[in-house]
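Notes follow the structure.
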Amino acid sequence: MFNALQGWLSIFLWDWLAILMTLVLQVVIVVLPIMIAVAFLTLAERKVIGFMQVRMGPNRVGPNGILQPFADALKLIMKEFVRPQQSNLYLFIIAPVLALAPVVAAWAVIPFGEGAVVSDINVGVMYVLAVSSIVVYGVIIAGWASNSKYAFLGALRASAQKVSYEIAMGFALVTVLMVAGSMNLTEIVHGQQGGFWNWYWIPLLPMLAVYFISGLAETNRTPFDVVEGEAEIVAGFHVEYSSMGFGVFMLAEYAMMVLISFMTAIMFLGGWYSPFENIPVLDPLTAWIPGFIWLFLKVAFLLFLFLWFRATFPRYRYDQLMRLGWKVLIPLTIVWVFVVGVMHYFSIGPWFN
Amino acid sequence: MPEIRNYTLNFGPQHPSAHGVLRLVLELDGETVVRSDPHIGLLHRGTEKLAEYKPYNQSIGYMDRLDYVSMMSNEHAYVMAIEKMLGLEVPERAQYIRVMFDEITRILNHLMWLGAHALDIGAMTVFLYAFREREDLMDCYEAVSGARMHATYYRPGGVYRDLPDTMAKYQSSKWHQGRDLDKLNETREGSLLDFIEAFTQRFPGYVDEYETLLTDNRIWKQRTVDIAIVSPERALQLGFTGPMLRGSGIAWDLRKKQPYEVYDKLDFDIPVGKTGDSYDRYLVRVAEMRESNKIIKQCVEWLKNNPGPVIAADHKVTPPSREDAKTNMEALIHHFKLFTEGFILPAGEAYSAVEHPKGEFGIYMVSDGANKPYRLKVRAPGFPHLAALDEMAKGHMIADVVTIIGTQDIVFGEIDR
């Protein structure tokens, strides 16, 4: 579709302009819904946690609070941008951008359905891993530029935490690559065709857990929110940020949550495939449901888990969190790499044929 | 070679887990606490000095504001000191009411502590669950005194008035109507005692709910077990009282050791800890909530069957009834004298202590025979606890400092006075 558009545009315009316009359109089509999804994720979070905590959640702006995210955004935009006097202005401003930009950039390779991807590159998994790891620079720079002791502690914690959990995350992805035999995200989904027992979560169940737990840690969500540590280091790295600076950090955090959920759904839960494929009665009954609906349902479920954990768990202490990462998750992933190798050697199940 | 210095962090007073206005100056080696230096005085209101300038009965309200999450327990120690000096006999019904409200206060305090402690450690749902129950107990406060927090309900010689026969009900609103509303008002149809009885029946279930979220939670255990261990000997030396002392394994409870009011007629146990760490103190306090619930149940039972006066009839100290004051000259004079210059305590001194939810809350009162105390000293349980913070926090991490502040159940109203 976009190729046709580009061809049609190049009739009137220079080629490079036609390509640029098509690309920008594609980016807008991907980023805009994500930003809206992020806005409503904040509302969903407050509503879900409100429900779990026997209260109502926001219900004043619009019917049942549905417009609350826009009220929040408006409030943040209208507020004064306060900068600590001794802070480094350039770094102070660049930090939130560095936190948000990679998260948005990572969406370039995420397939939303058959062929519905901005850039179908062969190293999709590597790209996501590489780009999303830049986020940590935003956090570190924010903590350092704020010139606040709390922010600095938060930044130190963030750098250690994110780097450690990225290893576990990377190894979990290695097992996926071993099963799928490809780094292209679309190919990975293709490998999982044929009902939910063909999805990779069965041979990689511990890796699903590891990946999701690392995802929690990567996004600084409870129980791994020591970087923000509300009760200890107040808000950690973004304690000095106000107005849209803070808003951008929030956007980045929630966009990252959505990204992690998409990655989990794509790599372990069969992407856009229906769970009822090849099941006699259910498959014809649900055949009319388009693929991206299934993908969104899976993502919604994973996002719900994020919120559920937040309502349930206390926070780890910093050293305990590191211990979990290095002494439990990373050894587990390494062991599982061998297990997958053995399974591969004996061509077990529908996954390794 | 660069000089290596410790990181000094100013923790509070504007800090989400400073429990009010605690200011700590933390000296950190990495994230490990080398020294923590609590600074107090940011909530100092001069309660002791103010009391010296007021007739005895006008200072009761100040007592509420000392430890502002266990209001009636503070009043209790104060009015007991006055009664001790006057040798005033309190009617039995008033004693039961006081004990009942002391225990309601204990649950109020422990719920607040549980919620705040869990929130400090990151589990925020418990906080809101705890506040759901606090709401009901606050309504009990409101029903007897008209105020949800600063009740001024205990008076020298008894309590201000008898328990009401009706409970306030929720009104219909945009958010609660129809069956929703009926459910909210279900237990509010009868008297206050019926309401409290219904509460005691459902409360153990609620405590189970909190325990489900915390007691066996791995993260909760990792955060509290072996944090801030205080040995029994050290706890005694540091002057700990209440759950802080019992958490270390010493079964010291004024309700058992020197029973006041009617505690000797009631059946309850004293939970004690074993290792003296934060987890034990958590368990002790949760168990105390269940014990308090038991006491309230017994009090409700007794109060339902034994009507009677709730304040002593000595009108030199207690106000006469409104009707009397309108028709009886002597009652009018009593009323006038009492509310203008108060009453006079014989010269002497008295110390009265109650088992406050946080420990031993004592009032030491010296009278020179005037209508105001010559000196009033408040023994706040939180003060020695806070003084031990440095010792408890040494060698732990910043996140544990938050746990320790939580486990000490610090409220600045009483520490700064």
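Distances over 14 Å make up what percent of all Cα-Cα pairs in the range A:294-338?
Considering the range A:294-338, 68 percent of its Cα-Cα pairs are separated by more than 14 Å.
By the scheme Lys and Arg +1, Asp and Glu -1, what is the net charge of all other residues having a beta-carbon under 13 Å from that of B:TYR129?
Local charge sum for B:TYR129: -2.
Which ³J(HN,Hα) values in Hz, rounded to whole numbers, follow from the phi angles of the range A:240-249 under the Karplus curve 6.51 cos²θ - 1.76 cosθ + 1.60, where θ = phi - 60° and Gly and Pro get x?
Using θ = phi - 60°, the values come out as 8, 8, 10, 6, 6, x, 5, x, 5, 4 Hz.
For chain A, would you read off the P(r) tail past 36 Å as a percentage of all alpha carbon pairs?
25
How big is the charge dipole of the range A:1-78 about its Cα centre, in debye rounded to the nearest 20, if each Lys and Arg gets +1 on its Cβ and each Asp and Glu gets -1 on its Cβ?
480
Tell me which residues come under 5 Å, amide H to amide H, from B:GLY30 once H is placed; ignore anything under 5 positions away on its chain.
Residues meeting the amide H criterion: B:TYR7.
Helix B:278-305 versus the longest principal axis of chain B: what is the Cα-based angle in degrees, 0 to 90, to the nearest 10?
Helix B:278-305 and the main axis of chain B meet at about 10 degrees.
Could you state the principal axis extents of the C-alpha atoms in chain B, from the largest down, to the nearest angstrom?
89, 58, 42
Work out the mean other chain Cβ neighbour count within 10 Å for the residues of B:311-317 and drop it here as an integer.
If you average over the peptide's residues, the count of other-chain Cβ atoms is 0.
Place +1 on the Cβ of every Lys and Arg and -1 on the Cβ of every Asp and Glu in the range A:1-114, take the dipole about the Cα centre, and give the residue among A:ILE19, A:ALA99, A:LEU41 whose Cα lies farthest towards its positive end.
With unit charges placed on the Cβ atoms, the residue in question is A:LEU41.
How crowded by other chains is B:286-295, given as the mean number of beta carbons from other chains within 10 Å of each beta carbon?
Partner Cβ neighbours, averaged per residue: 0.
Amide H neighbours of B:ARG379 under 5 Å, counting only residues 5+ apart in sequence or on other chains, H built in-plane at 1.01 Å?
B:GLY362, B:ILE363, B:TYR364
For the range B:283-417, take the convex hull of the Cα atoms, compute a quarter of its surface area, and give me that in nm², please.
Taking a quarter of the hull surface, the average projection is 12.5 nm².
Find the percent of Cα-Cα distances in the range B:167-236 that exceed 18 Å, and round it to a whole number.
65
I need the chymotrypsin sites (Phe, Trp or Tyr not before Pro) found in the range B:154-240, filtered to DSSP loop residues with at most 10 other beta carbons within 10 Å of theirs.
Filter output for the range B:154-240: B:TRP175.
Normalized C-alpha radius of gyration of the range A:1-78, against 2.2 N^0.38 Å?
Ratio of Cα Rg to 2.2 N^0.38 Å: 1.71.
Among the trypsin sites (Lys or Arg not before Pro) in the range B:292-323, which ones are in a DSSP loop with at most 15 other Cβ atoms within 10 Å of the Cβ? Mind listing them?
Qualifying residues, ordered by number: B:LYS316.
How far apart, in nm, are two points set 7 Å out from the Cα along the Cα-to-Cβ line at A:ALA209 and at A:PHE304?
Rounded to a tenth, the inter-label distance reads 2.1 nm.
Could you give each residue of the range A:274-287 its phi-based ³J(HN,Hα) in whole Hz, using Karplus coefficients 6.51, -1.76, 1.60 with θ = phi - 60°, and x for Gly or Pro?
Result, rounded to whole Hz: 6, x, 9, 4, 6, 9, x, 8, 5, 4, x, 5, 9, 5.
With +1 on each Lys and Arg Cβ and -1 on each Asp and Glu Cβ, how big is the dipole of chain A about its Cα centre, in debye rounded to the nearest 20?
The calculated dipole for chain A is roughly 920 debye.
Which whole number gives the average, over all residues in B:7-16, of C-beta atoms from other chains lying within 10 Å of the residue C-beta?
Average per residue, whole number: 3.
Could you sort the peptides B:38-46, B:227-235, B:95-103 by per-residue average Cβ neighbour count (10 Å cutoff), highest mean leading?
Taking the mean over residues of other Cβ atoms within 10 Å, the ranking is B:95-103, B:227-235, B:38-46.
Which net charge results when you count Lys and Arg as +1 and Asp and Glu as -1 among the other residues whose beta-carbon is under 14 Å from that of A:PRO58?
+3
Using helices alone, what [θ] at 222 nm do you get for chain B, with -39,500 (n - 2.57) per DSSP H run of 4 or more residues, divided over all residues and rounded to the nearest 500?
Here the helix-only value at 222 nm equals -15000 deg cm²/dmol.
Using the reciprocal of the averaged 1/r over all distinct C-alpha pairs, how large is the Kirkwood radius of the protein assembly as shown in Å?
Hydrodynamic radius (Kirkwood, Cα pairs) of the protein assembly as shown is 29.8 Å.
Taking the Cα centre of the range B:32-82 as origin, sum charge times position over the Cβ atoms of Lys and Arg (+1) and Asp and Glu (-1), and report the length of that vector in debye to the nearest 20.
120
Using amide H atoms built 1.01 Å from N in the peptide plane, name the residues 5+ places from B:ARG23, or on other chains, whose amide H lies under 5 Å from its own.
It is B:HIS39, by chain and number.
Please identify the GluC sites (Glu not before Pro) of the range B:316-417 that satisfy two criteria: DSSP loop assignment and at most 16 other Cβ atoms within 10 Å. Which are they?
Counting only loop positions with at most 16 other Cβ atoms within 10 Å, the GluC sites (Glu not before Pro) in the range B:316-417 are B:GLU341.
Among the lysines, which fall within straight-line cross-link reach of B:LYS183, defined as a Cα-Cα distance under 18 Å, with same-chain neighbours fewer than 8 residues apart omitted?
Output for B:LYS183: B:LYS169, B:LYS174.
So if R0 is 30 Å, what FRET efficiency would A:SER119 and A:VAL281 give, r being the distance between their Cβ atoms, rounded to the nearest 0.05?
Working from the Cβ atoms, E equals 0.20.
Counting alpha carbon pairs within less than 8 Å and at least 6 residues apart, what relative contact order, in whole percent, applies to chain A?
Dividing the mean separation by the residue count of chain A yields 21 percent.
We did not get these values from a lab; they are worked out from the coordinates using the rules stated. It should be emphasised that the depicted structure is a prediction, and the values quoted were computed from it without experimental measurement. Cβ atoms come from the backbone with ideal geometry, glycine included; neighbour counts cover every protein chain shown.
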